[in-house]
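Worksheet for the structure shown next.
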Amino acid sequence: MSFPDVRPRRLRRTPALRRLVEETRIAPAELILPLFLKEGLTEPRAISSLPGVVQHSRESLRKAAQEAVSAGVGGLMLFGVPDSANKDDTGSAGLDPDGILNVGIRDLISEVGDATVVMGDLCLDEFTSHGHCGVLSSDGTVDNDATLEIYGRMGVAQAEAGAHVVGPSGMMDGQIGVIRKALDRAGHQDVSVLAYSAKYAGAFYGPFREAVESTLQGDRRTYQQSPGNVREALREVELDVAEGADMVMVKPALPYLDVIAAVRERVDVPVAAYQVSGEYAMVEAAAEKGWIDRQGVMLETLTSIKRAGAQVMLTYWATEAAQLLRERY
Ligand code: PBG
């Protein structure tokens with residue numbers, strides 16, 4: 001062996017040495033738990049394609065929030081699933097103060113208040129009869145500017161319900177600026193905007209569509225991005241920051257680590273990544289077959305997403321991962 005005798009293995013010799021030089025570590029406070037609240041349920045209901053995740057009743061939602069907070073989870077992202085009778089062309093139940101999402105935000109605030117960060121998904125797809133993220137023009141395409149006006153009002157409704165953060169996920173042009181202005185005009189200067197800036201129109205959202213009982217026919221390719229594009233993601237992110245986004249997000253996460261890294265390089269606001277339903281379901285399915293170590297892969301995927309540059313991670317494993325991390329460190 002040549003001199004100096006270079007041996008990187010020296011630092012891997014004992015668990016204590018490895019711990020000392022570990023570069024990437026996740027704190028429970030960096031995890032956000034997405035939650036589904038279904039109107040009219042008295043008991044939580046399983047989602048077959050998302051084992052371990054449920055559609056909550058109002059009561060079970062409160063319990064899940066408490067558990068997450070006890071585990072140290074940093075935030076909760078709420079999705080509302082209205083009764084199908086309450087879906088319409090314009091998604092009006094999403095704006096209704098008594099609509100399921102706003103009711104759920106109020107419940108979370110009264111249950112866990114400032115012990116965590118309460119966030120609302122700001123999008124129309126759960127509330128429209130056609131399942132698109134915006135309203136439709138007479139020719140059937142999604143009408144960007146008509147949708148913006150509705151998003152502005154939806155943001156104000158969520159702020160009025162007590163949300164600390166709103167998360168616009170509809171990928172309409174100009175949505176961050178319009179929502180920011182609407183919030184400010186209504187006196188909600190302190191409510192933050194987590195922009196789903198680079199959201200890809202891929203195949204990883206399948207189980208989510210079951211979770212929210214999506215009625216979508218077709219796809220979202222006229223508003224979400226093509227999987228091959230990274231420069232376009234940077235353009236989206238820069239526009240969102242210029243329009244007032246407090247945080248930006250890349251979604252999905254693991255298949256888009258290069259996008260996360262590029263976004264991290266480009267902007268100084270916190271970067272979030274969403275480990276989406278399909279990413280979760282693949283691991284759960286393989287683990288159920290005994291093909292992989294479930295908890296090992298869980299923490300490895302989250303570590304990879306953080307290593308790529310995400311500071312905040314949305315994951316259906318948030319509570320369990322937070323508990324595991326607490327035992328580990
Ligand atoms: C749209 C929205 C979607 C997800 C979060 N917000 C679905 C979509 O864009 O079709 C997917 C999240 C997941 O798959 O876990 N409001």
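Quick look at the numbers
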{"read-out": "Residue pairs meeting the criteria (Cβ under 8 Å; at least 6 apart or on separate chains; first more than 8 Å from the ligand (Cβ to nearest atom), in the range 267-286; second in a helix (DSSP H, G or I) and among the small types (Gly, Ala, Ser))", "value": "Ala273/Ala308; Ala281/Gly206"}
{"read-out": "Filter result for Ser169 (within 14 Å of the ligand (Cβ to nearest atom), surrounded by 15 or more Cβ atoms within 10 Å (Cβ to Cβ) and not charged (D, E, K, R))", "value": "yes"}
{"read-out": "Subset tally (residues that are among the charged types (D, E, K, R), part of a loop (DSSP other than H, G, I, E, B) and within 13 Å of the ligand (Cβ to nearest atom)) for the range 221-256", "value": "1"}
{"read-out": "Hits in the range 210-220 - residues which are within 11 Å of the ligand (Cβ to nearest atom) and more than 19 Å from Ser48 (Cα to Cα)", "value": "Asp219, Arg220"}
{"read-out": "Failed condition for Gly94, given (1) within 30 Å of Arg328 (Cα to Cα); (2) within 14 Å of the ligand (Cβ to nearest atom)", "value": "(1)"}
{"read-out": "Residue check, Val263 in a helix (DSSP H, G or I), modelled with pLDDT of 95 or more and farther than 16 Å from Gly170 by Cβ", "value": "yes"}
{"read-out": "Residue in the range 160-167 that is at pLDDT 95 or above, part of a helix (DSSP H, G or I) and within 20 Å of Val117 (Cβ to Cβ) present", "value": "yes"}
{"read-out": "Residues within the range 97-118 that are of a type outside the set (Val, Ile, Thr) and either surrounded by fewer than 21 Cβ atoms within 10 Å (Cβ to Cβ) or within 12 Å of the ligand (Cβ to nearest atom) (or both), tallied", "value": "9"}
{"read-out": "Residue satisfying condition, being hydroxyl-bearing (Ser, Thr, Tyr), touching a Ser or Thr at 6+ places or on another chain (Cβ under 9 Å) and more than 14 Å from Glu213 (Cα to Cα), within set Ser70, Ser60, Ser49", "value": "Ser70"}
{"read-out": "Number of positions in the range 1-47 that are closer than 30 Å to Asp83 by Cβ and touching a residue at least 40 places away in the same chain (Cβ under 8 Å)", "value": "10"}
{"read-out": "Residue under evaluation Gly290, criteria (1) outside any helix (DSSP H, G or I); (2) within 15 Å of the ligand (Cβ to nearest atom); (3) closer than 15 Å to Pro51 by Cβ; (4) not β-branched (Val, Ile, Thr), criterion not met", "value": "(2)"}
{"read-out": "Scan of the range 119-154 for residues that are farther than 18 Å from Gly218 by Cα and within 14 Å of the ligand (Cβ to nearest atom), ordered by number", "value": "Met119, Gly120, Asp121, Leu122, Thr147, Ile150, Tyr151, Met154"}
{"read-out": "Among residues of the range 312-329, those that are closer than 22 Å to Leu78 by Cα and either assigned to a loop (DSSP other than H, G, I, E, B) or at pLDDT below 95 (or both), counted", "value": "3"}
{"read-out": "Complete set of residues in the range 43-73 that are buried (at least 18 other Cβ atoms within 10 Å of the Cβ), of a type in the set (A, V, I, L, M) and assigned to a strand (DSSP E or B)", "value": "Val54"}
{"read-out": "In the range 174-198, the residues that are surrounded by fewer than 23 Cβ atoms within 10 Å (Cβ to Cβ) and either part of a strand (DSSP E or B) or within 16 Å of the ligand (Cβ to nearest atom) (or both)", "value": "Ser192"}
{"read-out": "Residue within the range 293-311 that is part of a helix (DSSP H, G or I), in contact with a strand residue (DSSP E or B) (Cβ under 6 Å, 6 or more places away or on another chain) and more than 12 Å from Ala27 (Cα to Cα) present", "value": "yes"}
{"read-out": "Among the residues listed as Tyr256, Tyr329, the single one being farther than 24 Å from Ile47 by Cα and surrounded by fewer than 24 Cβ atoms within 10 Å (Cβ to Cβ)", "value": "Tyr329"}
{"read-out": "Single residue of Ala253, Ala245 found to be of a type in the set (Gly, Ala, Ser), under 19 Å from the mean Cα position of the chain (by Cα) and under 22 Å from Lys181 (Cα atoms)", "value": "Ala245"}
{"read-out": "Single residue of Leu239, Leu234 found to be out of contact with any strand residue (DSSP E or B) (no Cβ under 7 Å at 6 or more places or on another chain), free of Cβ contacts under 8 Å to residues at least 40 places away in the same chain and either within 29 Å of Val191 (Cα to Cα) or buried (at least 16 other Cβ atoms within 10 Å of the Cβ) (or both)", "value": "Leu234"}
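The values are calculated or read from the model by the stated rules, or taken from the named source; none is laboratory data. What you are looking at is a predicted structure, and each value in this text was computed from that prediction instead of being measured. Cβ atoms come from the backbone with ideal geometry, glycine included; neighbour counts cover every protein chain shown.
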